[in-house]
1. Which count do you get for residues in the stretch 345-376 that are hydrophobic (A, V, I, L, M, F, W, C), under 16 Å from Leu62 (Cβ atoms) and open to solvent by 30 Å² or more (accessible area, probe 1.4 Å)?
2. What helices (runs of 4 or more DSSP H) lie completely within the stretch 136-210 and have 3 or more residues being within 16 Å of Ala238 (Cα to Cα) and either at pLDDT below 90 or more than 21 Å from the chain's Cα centre (by Cα) (or both)?
3. If you go through the stretch 66-89 one residue at a time, do you hit one that is free of Cβ contacts under 8 Å to residues at least 12 places away in the same chain and among the charged types (D, E, K, R)?
4. What is the one condition in (1) open to solvent by 10 Å² or more (accessible area, probe 1.4 Å); (2) acidic (Asp, Glu); (3) in a helix (DSSP H, G or I) that Glu72 does not satisfy?
5. Identify, by number, the condition in (1) within 21 Å of the chain's Cα centre (by Cα); (2) on the phi > 0 side of the Ramachandran plot that Leu57 doesn't meet.
6. Of (1) over 30 Å from Gly113 (Cβ atoms); (2) of a type outside the set (A, V, I, L, M); (3) touching a residue at least 12 places away in the same chain (Cβ under 8 Å), Gln284 satisfies all except one. Which?
7. Which residue out of Gly90, Gly110, Gly126 is in a helix (DSSP H, G or I) and either buried (at least 19 other Cβ atoms within 10 Å of the Cβ) or within 15 Å of the chain's Cα centre (by Cα) (or both)?
8. Quick one: Ala270 ticks every box in (1) under 20 Å from Ala48 (Cβ atoms); (2) touching a residue at least 60 places away in the same chain (Cβ under 8 Å) bar one, so which box is it?
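The values are calculated or read from the model by the stated rules, or taken from the named source; none is laboratory data. Treat the numbers as computed from the prediction; the structure is a model and nothing was measured. Here the Cβ positions follow ideal geometry from the backbone for every residue, glycine too, while neighbour counts run over all protein chains shown. Ligands, DNA and RNA are excluded from the accessible area calculation, which covers all protein heavy atoms including side chains. Shrake-Rupley method; radii C 1.70, N 1.55, O 1.52, S 1.80 Å.
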Amino acid sequence: MTQLNRVIGLPGLCLYGIGVTLGAGIYALVGEIAGLAGLYAPWAFILAGTLAAFTGLSYAELGSRYPESAGEAAYLDYGFKRRWLTAAAGYGVALSGAISSAVVLHGFAGYLGALVPVPGWMAILGALVVLVAVASWGVRASVWIAGVITLIEAGGLILIIAVAAPGAIAAPAPPDYGPVPWAGLFAASVMAFFAFIGFEDIANMAEEVKRPRRTLPLAILITLSVSAVIYLAVAWVAVRALPPEVLASEGGPLAAVFEQATGLDGDSIAVIALLAMVNGALVQIVMVARVLYGLARRGLAPAALAVVHPARRTPVVATLLAGGVIAVLAMSGALGPLAMAASTVTLLVFSLVNAALLALRLRGERGAPGSFRAPIWVPAVGLAASLAVAVGVIVTAL
């Protein structure tokens, strides 16, 4: 049977991870987070990044131990040895990725419609056809395109930091922060937590990565570190450039920050946000296909999904199915509730992954020589943090 192609090195995997983590979220989320936490918005990102880091370290160890596609399913299989739980986690991750891609494509259609008079359904289906074709063509092409767009979207954020930082530093007096809005800060931290999600997609590329036992943990740690620094800097300059209530009311908050800092039109930032959304959708399509492929390899999905194209070395059937599911979801009118459900499922999977590593460590099972190893308290804290954020999401929704 044709295998997946091991062509991704550390730089490509880091760009892949940073691309999906930065995604389109920060371009819109910073306004909502500022509305909840006010001038304490940077602290929301600090708290969220700290909580995400524990689960990221658990993924780093498990990815180094078991470098397989459908990573979460593999981790739960080794940790609990319950096929139903393995299947539930795998399908949960795949569905969450498909919903995320559908939501991002809806945002893409909205941004594009504001710039060009294109019907929303046409923009969604057109983008999806192109992205599925790219994902089917080959993983090298997918990662290369994702990497180029990642550099552009990260460059847009760095540009915003660069033009807004001088004004923030030169402000005549520090702002009056006032009392900490604890309820708002917690709600903002829960929202900011999702801005760090993306490191788990790295684990699902394991069978196409060179030297995965070393490369996977490094890529996860670099992705989380780079994303955290960028998020913190963006949040700081944003709340210094515009009042939090103004940021919260802006449809494109970072475009507004750019306009405030430079006096120039913010359309260029909107275009970068469009590219970020395309990038996020592409990475999710690639990830969902690898999860379906990995489930089929374990006998938990139809065998056709494990078929790899002999020339392209991609799971073409799984990629086409991922595109079809995303198309159906994107055309549905229930993306809000679906996105909330996907967020909850993701957090529950994070909890199970941390619990699986904890079970392995308590049983005394060690990884292969040279694999990454986190302190034993890391999965315990990651489990508690993931459950706490899940509860926060559920309470916020009620």
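1. Of the residues in the stretch 345-376, the ones hydrophobic (A, V, I, L, M, F, W, C) are 345, 347-350, 352-353, 355-360, 362, 368, 372, 374, 376.
Then drop every residue that is not under 16 Å from Leu62 (Cβ atoms), which leaves 349-350, 352-353, 355-360, 362, 368, 372, 374, 376.
Going one step further and asking which of them are open to solvent by 30 Å² or more (accessible area, probe 1.4 Å), we end up with 352, 358, 362, 368, 372, 376.
Adding up the residues that qualify gives 6.
2. Once the helices (runs of 4 or more DSSP H) in the stretch 136-210 are filtered for at least 3 residues that are within 16 Å of Ala238 (Cα to Cα) and either at pLDDT below 90 or more than 21 Å from the chain's Cα centre (by Cα) (or both), what remains is 139-169.
3. Yes, the stretch 66-89 contains at least one residue that is free of Cβ contacts under 8 Å to residues at least 12 places away in the same chain and among the charged types (D, E, K, R).
4. So the condition that Glu72 fails would be (1).
5. Of (1) within 21 Å of the chain's Cα centre (by Cα); (2) on the phi > 0 side of the Ramachandran plot, only one is false for Leu57: (2).
6. Here Gln284 meets the rest and fails (1).
7. Of Gly90, Gly110, Gly126, the one residue that is in a helix (DSSP H, G or I) and either buried (at least 19 other Cβ atoms within 10 Å of the Cβ) or within 15 Å of the chain's Cα centre (by Cα) (or both) is Gly90.
8. Every listed condition holds for Ala270 apart from (1).
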